[in-house]
Every structure is written in structure tokens, then in C-alpha cells.
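The values are calculated or read from the model by the stated rules, or taken from the named source; none is laboratory data. Every value quoted in this text rests on a predicted model; they were computed, and no experiment measured them. As a convention, Cβ positions derive from the backbone with ideal geometry for all residues, glycine included, and neighbour counts pool all protein chains shown. Only protein heavy atoms, including side chains, enter the accessible area calculation; ligands, DNA and RNA are left aside. Shrake-Rupley method; radii C 1.70, N 1.55, O 1.52, S 1.80 Å.
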Amino acid sequence: MDELTALTSDLVSVPSHQDETAVGDFIETWLRDETDSSVIRDENGNVVARTNSGVGESLALVGHHDVVPPADRQVRDTGDYVVERRDGRLYGRGAADMKGAVAAAMLAFRDAVDSATSEVVFASFVGEEVGGTGVRAALDSGLELDYAVVAEGSTNYSGADRTDVAVAHRGRRASTLVATGTACHASEPEQGENAVYRACDAVDVVRDLSVPAAEVLGHAVSGSATVTGIDGGSAWNVIPDRCEITIDERTVPGGYADFSEVESVEGVEWVVEQDLPPMACDDAEFADHVLDAARQVHEARGDEDPQQVTKPHATDAGWLAQEGTTCVVYGPSEPGEAHTKDESVSLDVLGRCYETYRALVEGW
């Protein structure tokens, strides 16, 4: 446990919200020094370590080492991130999302990989927080994984004192409705076409859209579509000729809301800005295998019984699943913990995750 705490502290202290190079160097060097695996650092900065390459079906422990920008209180004058330990938790930018999980996976990979007879992979990607740029580049370059445990947060989803196994998560499609019209003086509004009115008509369509739902291994996943912003007009006495509406849509495996209806409003165009895919585990046996391992660890530690759950947030598991990798999500971050100015991770839960990752790798 001391080694896990120290490794997590070291990873968290290294800045990686603008440039992941330094923390990538740290992970690469550690893997080369601590394991006999084949370690590759690609041109994008992704770090991938393999053992028993090409033998049997592969199991990967997957994380990312970029973080969102820190709050001022999370950065030292030297530029390093502040790391503090108190009340059984480690505080610092990236502690929960997700350098603690990366550290647990690194140690589990090192400690158990020699017992595996099929291929085992450790992978930490860049750019997860900006749309999965790292994993997408790796997949485009030929990365293939059969099974993956993505170490994003799944702790305390079904209840307190447990790390659950997420068998599905929602995706996120971000889009903009662009309404155009004809500007004129506001004293003679009939001389123009008000883009804000057209945008409001489009919002009414969004409000009434049907959103999809899906079922993954017996678990329901529901989507949503929500207006999150409006921007239009240039002056109080000018009829606006342009107005933009931002939409946050949460997608489900196999389903999207039908936004084609929005473009039936005159002068309105729908533009997709980002589309992060959902994830659905396609192998009940693998999901049960991970849950069994987690339950054995929880029972031995006296923790509550974990369950299979779904997760509301998109992760790199979506990109992997889209390319044929069977995925589940299992990791220490708790709901509401990531991206906060007081971000932290439970050291006890980190130990629980390490033991589960190790149990999965042993004898794979």
C-alpha cells in the first residue's frame, strides 16, 4: 500500500493538462525499469506495454494520463501539482481522474503479469479529456485489444463502500443549431427575419424530441437531449440575423435522437461538433468474470458486494468498443469527484482496485 500511495503521489504531482510529455516519460521509464514487458511510446505520447505478445486473446488494463486544467490552489509556485494526504485520501488534480487508477494498474501489471499465459497489455493514453485523441490515434495505427478493463470511475455507483463493474456507458454528442435570418432596424421588424425567433422554434422541437433507450446485459441505459446555451443578437435596436443554440445529447448504444426534425424549421442548420461513442459490453461471460474477481476482493476486505451497473459519462472505452474490444469499466473514482478543485481519491479504494486488477491478470 505504501508503494501504491507513493506511485500515485508521484504521478499526480507531474503536470499534464497542457503537455503530457513529462508524465508519459515517467510511466514509460517505470515500466522499462520495473517490468520485462515490451514497452512502446508512440508518436502521440501513448504508452503501451505488452507481455506474451500475440499469444491467445489479450487482456488490457487501460487508463489515461492527461488531466483537465487545475484550479489555482492545485498548483505549486514551481509549476508542479499540489499533492496532499489526509483522512485516508490523496488530494490533487488527477488523483481520481485518473492517475490513481493508472498507478494501481501499473503495479498490478508488474506484480501479476509473469503468471499470465496469454497476452496482457497495460495502456495509458493521452488526450482522453479532449475527445479521446490518443486512443483514436492508437486505433488508427493498428492497436487491437480483445478484452479491456478501462480504469475510469465506477466506485459507489450501486451503493457505498464498493467498486462496481460498469457494463455500459452513455456517449456524448455535442451539436449546434445555427439559425440565420435577415437583419433590419428593430423599429421595422417586419422588414427582416428574426434569427432568434427561428432559434426558439428549433428549441421547441428539441424539447419534444424522443430520446432513445437501450438495454445492455439486462441493464437499462437512457439518453437525453438538452439545450445548454443560446447566443444571438448584436444590439438592442437590430433584428438579429444569426443565433446559435448549443445542445448536449447523451447517446446510448445503438441509438441517437433524431435531429433531422430540427432542420424542418426554416433557416436552421444542425451542426455536429463532437460525437463520443457509448460503450456496451458484448460478452456477458467476461463481465461476470470481472464481477466475480471484484466480489472476491471485496469479500476478503470486508467491503460491500459490488454489482454490474451503467455509467453516465463517456470514456475511452467507447472508442475501444467501437473497434471491437470487449470492455468493462472498473476504477476508483466516485461520482462527483473528478474535475473538482478538491479532487481526491480514497487510498483504501485504490488498494481494492489494485487487488482486483491483479486478480484479473493472474493466470490470464
Region 167-198, residues that are open to solvent by less than 30 Å² (accessible area, probe 1.4 Å), over 16 Å from residue 248 (Cβ atoms), in contact with an Asp or Glu (Cβ under 8 Å, 6 or more places away or on another chain) and touching a residue at least 60 places away in the same chain (Cβ under 8 Å): 178, 179, 181, 195
Candidate set from region 7-46 (those that are among the small types (Gly, Ala, Ser) and part of a helix (DSSP H, G or I)); member that is least open to solvent (accessible area, probe 1.4 Å): 24
Of the criteria (1) part of a strand (DSSP E or B); (2) open to solvent by 30 Å² or more (accessible area, probe 1.4 Å), which one residue 117 fails: (1)
Residue match in region 232-240 (condition: surrounded by 19 or more Cβ atoms within 10 Å (Cβ to Cβ), over 28 Å from the mean Cα position of the chain (by Cα) and outside any strand (DSSP E or B)): yes
Given (1) in contact with a Lys or Arg (Cβ under 6 Å, 6 or more places away or on another chain); (2) under 20 Å from residue 67 (Cα atoms), index of the condition residue 331 fails: (1)
Out of 159, 127, sole residue that is within 24 Å of residue 344 (Cα to Cα) and open to solvent by 10 Å² or more (accessible area, probe 1.4 Å): 159
Hits in region 319-364 (condition: outside any loop (DSSP other than H, G, I, E, B), of a type in the set (S, T, N, Q) and in contact (Cβ under 8 Å) with a residue 60 or more places away in the chain): 326, 344, 346, 356
The lone exception for residue 204 - which of (1) in a helix (DSSP H, G or I); (2) in contact (Cβ under 8 Å) with a residue 24 or more places away in the chain; (3) within 23 Å of residue 246 (Cβ to Cβ) it fails: (2)
Positions within region 41-81 being more than 16 Å from residue 145 (Cα to Cα), β-branched (Val, Ile, Thr) and in contact (Cβ under 8 Å) with a residue 24 or more places away in the chain, in sequence order: 67, 68, 75
Conditions (1) in the same structural domain as residue 244 (by the TED database); (2) modelled with pLDDT of 95 or more: number failed by residue 262: (2)
Selected residue [open to solvent by less than 10 Å² (accessible area, probe 1.4 Å) and within 22 Å of residue 218 (Cα to Cα)] from 329, 309, 345: 329
Region 275-318, subset part of a helix (DSSP H, G or I) and basic (Lys, Arg), residue nearest to residue 132 (Cα to Cα): 295
